[in-house]
Amino acid sequence: MSTTRREVFGRLADGTDVHRWTLERGGTLLRVLDYGGIVQTLERPDRTGHVANLSLGFPDLVSYTTASPYFGALIGRYGNRIAEGRFTLDGTTYHLPVNDGPNSLHGGEDGFDKRVWDVRPNGGHGLTLALTSPHGDQGYPGRLDVEVDYTLGEDGSLRIDYRAVTDAPTVVNLTSHIYFNLAGEGSGGVGDHRLGLAAAHYTPVDEHLIPTGEIAPVAGTPFDFRRAKPVGRDLRDGHPQLLRAQGYDHNMLLDKGVTEEPEHAATLYDPGSGRLMTVATTEPALQLYSGNFLDGTLTGGSGRAYRQTDALCLETQHCPDSPNRPSFPSTVLRPGETYRSSTVYAFAVR
Ligand code: BGC
């Protein structure tokens, strides 16, 4: 069965109506807002058939507009940090708004997570969200025309396809900021979730969470998820990188690199509910973020407070600060080229 529904979710201060779209297929119920392209809920049954929402989020629009740490949102133009909000492209230096200590995070203060996207149903099982970001938007050069498809597969998998074109050289790094808890949002920590990552290297960060440029092996460190292990096993290890980020907030370099089609990147399994999620992507890296900055001040759809490590983000992307790191895979997009990125989140129970 497949259905697509639309309803009014709320109204922005400027009078714009925000809509919520609902898609249902293969046992997945997905709710998407046109505001921020936010995945508000992603509902799946556990091994006994009990349905829960696996994605942290709010029941109302005002929480999203005032307090959200990017719950479920589309991130652009640039996922994660650009050092000191500055980069040079073809000899011109561009300045971006700084919104995270000295750095620019997730596209700046007014990123794609705060825009109302144009949404249209696509193919009966999907939505296409479109956005035009004018030249100079948040300091970035070039007019960027972006499209993102959310598609539910027959098996209930969620596929996200990103496309963008520009009329001047620019940089792009789009991602989705879903906070996953396979036991259900509000159910507590994900320390017992078993995480596997096809990543033998990661990028250590400085005190402002900017990659130092080093490509470090995960072997012998808490960052080694090559054999799946509980997320919480090494979280209190005292490794300097974990202390710096208050947990995992690091870019894991996927062994497969950039690929034409989505290839295996991660598995996440919750032994309690039996829910299993696999992540496949075309991207060369994945930001592993263990919800370190959730501090108990936000309550989600279940009415329960979100605390540190109550979710895991697996943000498929290019590396943070790539525009300032020529040795990292390039995030430059030029006129005539099409930026493409795809990620598939597939679900099962065991
Ligand atoms: C970043 C974190 C940040 C979080 C939410 C993640 O992608 O790596 O440092 O706190 O997004 O804002």
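The values are calculated or read from the model by the stated rules, or taken from the named source; none is laboratory data. Just so you know, these numbers come straight off a predicted model, no measurement behind them. Note: ideal-geometry Cβ built from the backbone for every residue, glycine included; neighbour counts use all protein chains shown. The area values use the complete protein model at the heavy-atom level, side chains included, leaving out ligands, DNA and RNA. Shrake-Rupley method; radii C 1.70, N 1.55, O 1.52, S 1.80 Å.
Anything in segment 181-224 that is among the charged types (D, E, K, R), in contact (Cβ under 8 Å) with a residue 40 or more places away in the chain and in a loop (DSSP other than H, G, I, E, B)? List them, or say none.
Glu185, Asp192
Looking at (1) over 15 Å from Trp117 (Cα atoms); (2) open to solvent by 50 Å² or more (accessible area, probe 1.4 Å); (3) within 16 Å of the ligand (Cβ to nearest atom); (4) not basic (Lys, Arg), which is the one condition that is false for Asp100?
Of (1) over 15 Å from Trp117 (Cα atoms); (2) open to solvent by 50 Å² or more (accessible area, probe 1.4 Å); (3) within 16 Å of the ligand (Cβ to nearest atom); (4) not basic (Lys, Arg), only one is false for Asp100: (2).
Could you tell me whether Gly107 is buried (at least 18 other Cβ atoms within 10 Å of the Cβ), within 16 Å of the ligand (Cβ to nearest atom) and small (Gly, Ala, Ser)?
In short, yes.
Would segment 241-256 turn up any residue that is in a strand (DSSP E or B) and open to solvent by 50 Å² or more (accessible area, probe 1.4 Å)?
No, the conditions are met nowhere in segment 241-256.
List the number of the failed condition for Ala346; all other conditions in (1) in a loop (DSSP other than H, G, I, E, B); (2) over 15 Å from His193 (Cβ atoms) hold.
Here Ala346 clears every test but (1).
Within segment 266-293, restricting attention to residues that are more than 16 Å from the ligand (Cβ to nearest atom) and hydrophobic (A, V, I, L, M, F, W, C), which residue is nearest to the chain's Cα centre (by Cα)?
My answer is Ala280.
Taking the conditions exactly as written (over 21 Å from the mean Cα position of the chain (by Cα), within 24 Å of Ala305 (Cβ to Cβ) and not in a strand (DSSP E or B)), does Arg227 satisfy them or not?
no
Sort out which residues of segment 21-54 are part of a strand (DSSP E or B) and within 16 Å of the ligand (Cβ to nearest atom), and write them in order of number.
Scanning segment 21-54 gives a single hit, Val39.
Each row is one residue, and each column tells you yes or no for (1) out of contact with any Leu (no Cβ under 6 Å at 6 or more places or on another chain); (2) open to solvent by 30 Å² or more (accessible area, probe 1.4 Å); (3) within 16 Å of the ligand (Cβ to nearest atom).
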| residue | (1), (2), (3) |
| --- | --- |
| Leu56 | yes, no, yes |
| Asp60 | yes, yes, no |
| Thr88 | yes, yes, no |
| Ala130 | yes, no, no |
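For segment 5-48, name all the residues that are among the hydrophobic types (A, V, I, L, M, F, W, C), surrounded by 21 or more Cβ atoms within 10 Å (Cβ to Cβ) and touching a residue at least 60 places away in the same chain (Cβ under 8 Å).
Answer for segment 5-48, where residues must be among the hydrophobic types (A, V, I, L, M, F, W, C), surrounded by 21 or more Cβ atoms within 10 Å (Cβ to Cβ) and touching a residue at least 60 places away in the same chain (Cβ under 8 Å): Trp21, Leu23, Leu30, Val32, Ile38, Val39, Leu42.
Return yes or no: is Asp167 surrounded by fewer than 19 Cβ atoms within 10 Å (Cβ to Cβ), farther than 25 Å from Val258 by Cα and of a type in the set (D, E, K, R)?
Against the criterion (surrounded by fewer than 19 Cβ atoms within 10 Å (Cβ to Cβ), farther than 25 Å from Val258 by Cα and of a type in the set (D, E, K, R)), Asp167 does not qualify.
Within segment 259-268, can one find any residue that is in contact with a His (Cβ under 6 Å, 6 or more places away or on another chain) and open to solvent by less than 10 Å² (accessible area, probe 1.4 Å)?
yes
Is it the case that some residue within segment 305-328 is out of contact with any strand residue (DSSP E or B) (no Cβ under 9 Å at 6 or more places or on another chain), farther than 28 Å from Phe58 by Cβ and either open to solvent by 10 Å² or more (accessible area, probe 1.4 Å) or free of Cβ contacts under 8 Å to residues at least 40 places away in the same chain (or both)?
Checked against the condition, which is being out of contact with any strand residue (DSSP E or B) (no Cβ under 9 Å at 6 or more places or on another chain), farther than 28 Å from Phe58 by Cβ and either open to solvent by 10 Å² or more (accessible area, probe 1.4 Å) or free of Cβ contacts under 8 Å to residues at least 40 places away in the same chain (or both), segment 305-328 yields at least one hit.
So which residues in segment 98-144 are farther than 17 Å from Thr166 by Cα and assigned to a helix (DSSP H, G or I)?
Correct list: Asp113, Lys114.
Consider Val165 against the criteria (1) within 16 Å of the ligand (Cβ to nearest atom); (2) of a type outside the set (Lys, Arg); (3) closer than 26 Å to Ala280 by Cβ: it satisfies all of them except one. Which criterion is unmet?
(1)
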